[in-house]
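K.L.:
The structure under discussion is supplied below as structure tokens; questions concerning it will follow.
No lab work stands behind these numbers, since they all come straight from the coordinates. Given the structure is predicted, the values throughout are model-derived calculations rather than measurements. Note: ideal-geometry Cβ built from the backbone for every residue, glycine included; neighbour counts use all protein chains shown.
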Amino acid sequence: MNAPNSAEQRRDQAPQDVPRSTVTLIVNGTQHTLTLDNRTTLLDTLREHLALTGSKKGCDHGQCGACTVSVNGERINACLTLAVMHEGDEITTIEGVGTVEHLDPMQQAFVANDAFQCGYCTPGQICSANAVLQEIAANIPSHVTADLTATIEITDAEIRERMSGNLCRCGAYANILKAITQVAKERA
Amino acid sequence: MDFNQSTDDNLFDHARIVGKPHARIDGALKVTGQAPYAYERHDVAAHQLVGYPLCATIAKGRITHMDATAARAAPGVAAVVTTLDIEPLAQAKSNVARLFGGDTVAHYHQAIAVVVADTLEQARSAAALIEVRYQEEQGVFDLDAAWEQQTPDEPLSDVGDVDAAFKNAAVTLDEVYRTASQSHAMMEPHASIVDWSDGGQMTVWTSNQMIAWTRKALAKTFAIDLETIRLESPYVGGGFGGKLWLRADTVLAALGSRAAGRPVKLALPRPLVFNNATHRSGTVQRLRIAADAEGRITAFDHSAFSHTLPGGSGENPVNQTRAFYAGASRRVAHTAIEMDLPESADMRAPGEASGLAALEIAMDEMAEKLGMDPVEFRILNDTQVDPEDPNKPFSDRHYVECLQKGAADFGWEARNRTPGGQREGQWLIGQGMAGAYRGAPTMDSGARVRLQAGRLVVETDMTDIGTGSYTIIAQTAAEAMGLALEDVEVRLGNSDYPVSSGSGGQFGAASATAGVYAACLKLQEEIAQRLGMNSPRFEQGMVIAGTTEVALAEVADGEELVAEDTIHFGDFKDTLQIGTFAAHFVEVAVHAHTGETRVRRMLAVCDAGRILNPVTARSQVIGGMTMGVGAALMEGLIPDVERGFFVNHDLASYEVAVHADIPEQEVIFLDTTDAASTPLKAKGVGELGICGVAAAVANAIYNATGIRVRDYPITLDRLIDQLPKVS
């Protein structure tokens, strides 16, 4: 009932404090130095401490892909990694991909192909989609790559396989495939 | 506006915007991550704290002891409320188990405490410090063991002479089918921010399909005045029926807020969603069909069982059997067996999806027994009247056209006709089809429109759960007022706005657009009166009567004009069967050695009245087809029948279809309108899309392998011992 008035007061009164660390992250080109509870995931750091809520929390266990962001150019599930493990890392979230006024080509293609419904998995799908095209361009093989020595083609099967860590319960998969294929063709 | 008879020719029959493809008007917000979902609204209330739930780890019994001393003393903790701290909360009708309060545990993962702290990390850590002791009671958890012992409920319907029909039939079928319990598994877990800091005014930012219902449920649950509650849910990260009701996230956030004197936000951690929240009950269905030698169905006998907590209604899968096909005699019964598994409730096409999963395999089996093509068998048994009441016609039914068009476009003629007879390397190839029938209910729905300097703002408590409500409502208002789509702003999901149908039961799109149309007609009257015009036309931003033209931007002299109305649907609809229909065609490949099933292509042909926006409607249908593939091949909550909970309670072990599972999907909408449905002659498609899909996949697997599986999901273990011997 008589709750202390501020977070600081409560922290002061607590019998033991929680271990904290200071970490510097470069998020969408902006440097942020934060002192965080060591248990804070990268996802919660983005959403709760930087108010970058475009990255979504669907499961918090690396099972749905809604939190996909780019760290130093590679996509990861932001819920599966702690912020303190990313000192100096460059992170790109959906907010760094494009804005309402200036959509990135992948974002435009998602709108044009109705590649989403409820929109909750969408930022993760888009971050993954951009990464998938980079991974294929870098000739990184997937489970469905038949010939590991050949140049990997952008096929429906390659895209579907590489996007399969991003769940979409509304079932927009067929439209997401169209959106990614459209962007791949535009780039080719 | 009263809708008391079928509508005549109207402006929607000559539409500029309604019925045309338009990208979602909320699209840019969603693809940039700027659409605000419930848990992430930092801006709406200052000094938000974080709540974390503790849930019961027994399925049935009572709590004998809880000690939250350590949790209360943990760093950052502002408040702890345990279920023993308060009296049992009242239960809204929509909740079968109480949501919180008291010492009784009615199901596994029922909420028993909420911890409120500065951060998620602190709240989660402190919740783990609460000690709980239980007195466990024996529960009943095994539907498969229970149904044969159960005395069935009285039939819901018993017409003609079923027993005589079976006695005299040339061909009969009698089989048992099983559907698995399923989770909505929407991507956004249940989440709310609640500000009830002073225990007076309660403001709720949540993720919910039904604003007015949930507001009422909150008033009932907390025994507070409805007027003190305000609720917002502008964006919903998927619902599928799982967010129709008030659930524990909102209740715990409210209790936490009152205790801490701060706004509290709380999301159900994903592993708690499956057993704490609701699911679709599994079913066991015995289905008998009788037919004469020509293939005319003479009787159906469909008896089904599902599970529910005491007082609930389970999953009734027999209603489609009552009206889908012709046949003079039929008896259907559903028995909801009271069991102690978590709460079963509505999920996308509740009843229909489960019932058609069984019925449409049975139809395939009957066709085979009769030596008939499954498409022809269905066409022969089409009906244009309610077979239980031949005086009640279908208002607009084009199921036969769905079947014919689908067969032609899919290349049904060229299909494999010998089960197990088509092979490509290690893959057995098969084609299957199924029919779909889902009712098209409508609900009274209100809206308010504001004309502001030639722009229109629409306000209604309707929700957009991915269904496209924002866009089709803007299209409707733009059409009615003679505006461009860009001149309409749509505001949804707020209890300050007029009460709408909400999103559920496939009634949302048809009802809410009709309500918006009603409000626009009210505004038109007001404008006409103001301008002294008689029945003016509204075109291209102008109000036109005879030779007089006034720009909409100038009718109010800089003031705002506001109009509000609700569409009321009359009981003339009770004299009709109003439904939606589809035919699904599927091709699968089943690996001859492993039994792995891959869906290779899918086609749906739908008859659902006027399609308001073919872009968003198509997405609804492919979404249903995708969920139907999940139901057919992988989705199933597995009960621990000793301890009474669903074991696979996360997104890694409850498998839904992923990108790699879904092939090319084609959707064709027949160009139909249903004048008895709404002024827009529209019906829903969101639930039609899932109906029948699972059976089409099952029938294709049979065609590929010759193995008839009647238990969903059709995982490879159900096939592997019957596959061809590996040489």
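K.L.:
A:Asn130: net charge of surrounding residues, Cβ under 12 Å, Lys/Arg +1, Asp/Glu -1, itself excluded? Intermediate values should be presented prior to the final figure.
P.N.:
Numbers: positive: A:Arg75, A:Arg162, A:Arg187; negative: A:Glu74, A:Asp104, A:Glu135.
Local net charge: 0.
K.L.:
Show me B:87-98, B:617-628 ranked by packing, highest mean number of other Cβ atoms within 10 Å first.
P.N.:
On the way: B:87-98: 16.8, B:617-628: 28.6.
The packing order, highest mean first, is B:617-628, B:87-98.
K.L.:
Report the rotationally averaged projected area of the stretch B:31-180 based on its alpha-carbon convex hull, in square nanometres.
P.N.:
On the way: hull surface 66.8 nm².
Over every viewing direction, the Cα hull of the stretch B:31-180 projects on average to 16.7 nm².
K.L.:
If you don't mind, there's one more thing I want to ask. For chain B, calculate the relative contact order in percent as a whole number, restricting contacts to Cα pairs under 8 Å that are 6 or more residues apart.
P.N.:
On the way: 1964 pairs, mean separation 122.7, N = 727.
Averaging sequence separation for qualifying contacts and normalising by length gives 17 percent for chain B.
K.L.:
Long-range amide H contacts for B:Tyr134: which residues qualify at under 5 Å (H placed 1.01 Å from N, peptide plane, sequence gap of 5 or more or a different chain)?
P.N.:
Those qualifying (amide H under 5 Å, at least 5 residues apart or on another chain) are B:Thr64.
K.L.:
Further question: Starting from the amide H of B:Ala333, placed 1.01 Å from N in the peptide plane, find each other amide H under 5 Å away whose residue is 5 or more places distant or on another chain.
P.N.:
B:Leu156, B:His302, B:Ser303, B:Ala304
K.L.:
Work out the length of the dipole vector of the stretch A:105-187 about its Cα centre, built from +1 on the beta-carbon of each Lys and Arg and -1 on the beta-carbon of each Asp and Glu, and round it to the nearest 20 debye. Before the final figure, lay out the partial values.
P.N.:
Details: 6 positive and 8 negative charges, 49 e Å.
Using only the charged Cβ atoms, the result is roughly 240 debye.
K.L.:
A further question on this structure: Starting from the Cα of B:Glu227, step 7 Å along the direction of its Cβ; do the same at A:Ile140; then give the gap between the two resulting points in nm.
P.N.:
6.0
K.L.:
In the protein assembly as shown, if every C-alpha pair distance is counted and binned at 10 Å from zero, what percent goes to each bin?
P.N.:
Final binned percentages: 2, 12, 21, 25, 21, 13, 5, 1, 0.
K.L.:
Still on this model: Which order do the peptides B:543-550, B:451-458 take when ranked by the mean count of other beta-carbon atoms within 10 Å per residue, highest first? Don't skip to the end; give the middle numbers.
P.N.:
Working: B:543-550: 13.4, B:451-458: 18.1.
Taking the mean over residues of other Cβ atoms within 10 Å, the ranking is B:451-458, B:543-550.
K.L.:
Calculate the tail of P(r) for chain A: the fraction of all Cα-Cα distances greater than 30 Å, expressed in %. If you can, show how the numbers build up before the last one.
P.N.:
Numbers: 4880 of 17578 pairs.
Here the long-distance tail beyond 30 Å is 28 percent of all Cα pairs in chain A.
K.L.:
Based on alpha-carbon positions alone, could you give the equivalent ellipsoid semi-axes of the stretch B:90-131 from the gyration tensor, as √(5λ), descending, whole Å?
P.N.:
On the way: eigenvalues 124, 28, 13 Å².
With the √(5λ) rule applied to the stretch B:90-131, the semi-axes are 25, 12, 8 Å.
K.L.:
Assuming R0 = 22 Å, can you tell me the calculated FRET efficiency for the pair B:Ser157 and B:Asp292, based on Cβ-Cβ distance, to the nearest 0.05? Mind showing how you got there, number by number?
P.N.:
Working: r = 22 Å, r/R0 = 0.99.
My answer for the efficiency is 0.50.
K.L.:
Which whole number gives the average, over all residues in A:51-63, of C-beta atoms from other chains lying within 10 Å of the residue C-beta? Mind showing how you got there, number by number?
P.N.:
Numbers: counts 3, 2, 9, 7, 2, 7, 12, 9, 10, 7, 6, 2, 7.
Going residue by residue through A:51-63 and averaging, the value is 6.
K.L.:
Something else about it: Whole-Hz ³J(HN,Hα) for each residue in the stretch A:172-188, computed from phi via Karplus 6.51 cos²θ - 1.76 cosθ + 1.60 with θ = phi - 60°, x for glycine and proline: what do you get?
P.N.:
After applying 6.51 cos²θ - 1.76 cosθ + 1.60, I find 8, 3, 4, 6, 5, 4, 4, 5, 5, 4, 4, 5, 4, 5, 4, 7, 5 Hz.
K.L.:
A further question on this structure: What is the Cα coordinate range of the stretch A:105-187 on the first, second and third principal axes, sorted by size from largest, in whole angstrom?
P.N.:
40, 25, 17
K.L.:
Taking 0.36 nm per residue of sequence separation and subtracting the Cα-Cα distance, how much length would be gained by fully extending the chain between B:Asp13 and B:Asp444, in nm to one decimal? The partial results should precede the final answer.
P.N.:
Details: separation 431, 0.36 × 431 = 155.16 nm, distance 2.25 nm.
Full extension from B:Asp13 to B:Asp444 adds 152.9 nm.
K.L.:
How much length is gained if the chain between B:Asp640 and B:Asn391 is pulled fully straight, taking 0.36 nm per residue apart and subtracting their Cα-Cα distance, in nm to one decimal?
P.N.:
Details: separation 249, 0.36 × 249 = 89.64 nm, distance 4.81 nm.
Result: 84.8 nm gained on full extension.
K.L.:
Just going by the charge dipole of chain A, with Lys and Arg at +1 and Asp and Glu at -1 on Cβ, which of A:Thr30, A:Met106, A:Tyr173 is farthest out on the positive end?
P.N.:
A:Tyr173
K.L.:
With θ taken as phi - 60° and the coefficients 6.51, -1.76 and 1.60, list the Karplus ³J(HN,Hα) couplings across the stretch B:453-467 in order, rounded to whole Hz; mark glycine and proline as x.
P.N.:
With the stated coefficients, the stretch B:453-467 comes to 6, x, 9, 10, 10, 10, 10, 7, 7, 3, 10, 10, 9, x, 7 Hz.
K.L.:
Shifting gears a bit: With runs of 4+ DSSP H residues as the only contributors, calculate the mean residue ellipticity of chain B at 222 nm using -39,500 (n - 2.57) per run, divided by the residue total and rounded to the nearest 500. Could you put the intermediate results ahead of the total?
P.N.:
Working: 16 runs with 174 residues, N = 727.
Helix contribution divided over all residues of chain B: -7000 deg cm²/dmol.
K.L.:
According to a simple spin-label model (label point 7 Å from Cα along Cα-to-Cβ), what is the distance in nm between B:Glu338 and B:Asp409?
P.N.:
Spacing of the two 7 Å Cα→Cβ label points: 4.8 nm.
K.L.:
Let me ask something else about it. Mind giving me the FRET efficiency for B:Gln5 and B:Asn534? R0 is 35 Å, r the Cβ-Cβ distance, nearest 0.05 is fine. All intermediate terms of the calculation are to be shown ahead of the outcome.
P.N.:
Working: r = 24 Å, r/R0 = 0.69.
E(calc), rounded to 0.05, equals 0.90.
K.L.:
What list of ³J(HN,Hα) values in whole Hz, one per residue of the stretch B:120-132 in order, does the Karplus curve 6.51 cos²θ - 1.76 cosθ + 1.60 (θ = phi - 60°) give from phi, with Gly and Pro shown as x?
P.N.:
4, 4, 5, 5, 5, 5, 5, 4, 6, 8, 6, 8, 10
K.L.:
A further question on this structure: So how much slack lies between A:Glu186 and A:Thr24, counting 0.36 nm per residue of separation and subtracting their Cα-Cα distance, in nm?
P.N.:
Values: separation 162, 0.36 × 162 = 58.32 nm, distance 3.63 nm.
Net length gain for the segment: 54.7 nm.
K.L.:
Taking every residue in B:459-466, how many Cβ atoms of other protein chains lie within 10 Å of its Cβ, on average? Don't skip to the end; give the middle numbers.
P.N.:
Details: counts 0, 0, 0, 0, 0, 3, 3, 10.
The shielding value for this peptide is 2.
K.L.:
Hey, could you grab the Kirkwood Rh for the stretch A:7-97? Inverse mean 1/r over distinct alpha carbon pairs, Å, one decimal. Before the final figure, lay out the partial values.
P.N.:
Numbers: mean 1/r = 0.0738 Å⁻¹.
Taking the inverse mean of 1/r over all distinct Cα pairs, the stretch A:7-97 comes out at 13.5 Å.
K.L.:
To continue, here is another question. Please list, in chain and number order, the residues 5+ apart from B:Leu49 or on another chain whose amide H is under 5 Å from its amide H, with Hs placed from the backbone.
P.N.:
Amide H neighbours of B:Leu49: B:Val264, B:Lys265.
K.L.:
Another question, if that's okay. In peptide B:618-627, how many Cβ atoms from other protein chains are near each Cβ within 10 Å, on average? Write out the running numbers ahead of the final one.
P.N.:
Working: counts 3, 10, 3, 1, 8, 10, 2, 2, 7, 3.
Taking the mean over all residues of the peptide, I get 5.
K.L.:
Which FRET efficiency value, to the nearest 0.05, is calculated for A:Gln31 and A:Thr149 with the Förster distance at 35 angstrom and r the Cβ-Cβ distance? Walk me through the numbers before you get to the answer.
P.N.:
Values: r = 42 Å, r/R0 = 1.19.
The calculated FRET efficiency here is 0.25.
K.L.:
Sorted from largest down, what three extents in whole angstroms do the Cα atoms of chain B have along their principal axes?
P.N.:
80, 72, 50
K.L.:
Give the residue from B:Ala304, B:Leu680, B:Gly160 lying farthest towards the positive end of the charge dipole for the protein assembly as shown; charges sit on Cβ (+1 for Lys and Arg, -1 for Asp and Glu) and the dipole is referred to the Cα centre.
P.N.:
Of the listed residues, the answer is B:Ala304.
K.L.:
For the stretch A:83-167, which chymotrypsin sites (Phe, Trp or Tyr not before Pro) pass both filters: DSSP loop (anything but H, G, I, E, B) and at most 15 other C-beta atoms within 10 Å?
P.N.:
Working: sites: A:Phe110, A:Phe116, A:Tyr120; in loops: A:Phe116, A:Tyr120.
For chymotrypsin sites (Phe, Trp or Tyr not before Pro) across the stretch A:83-167 that sit outside H, G, I, E and B with at most 15 neighbouring Cβ atoms in 10 Å, the list is empty.
K.L.:
Enter the angle in degrees (range 0 to 90, nearest 10) between the Cα long axis of helix A:122-137 and the first principal axis of the Cα atoms of chain A, meaning the one along which they spread out most.
P.N.:
50
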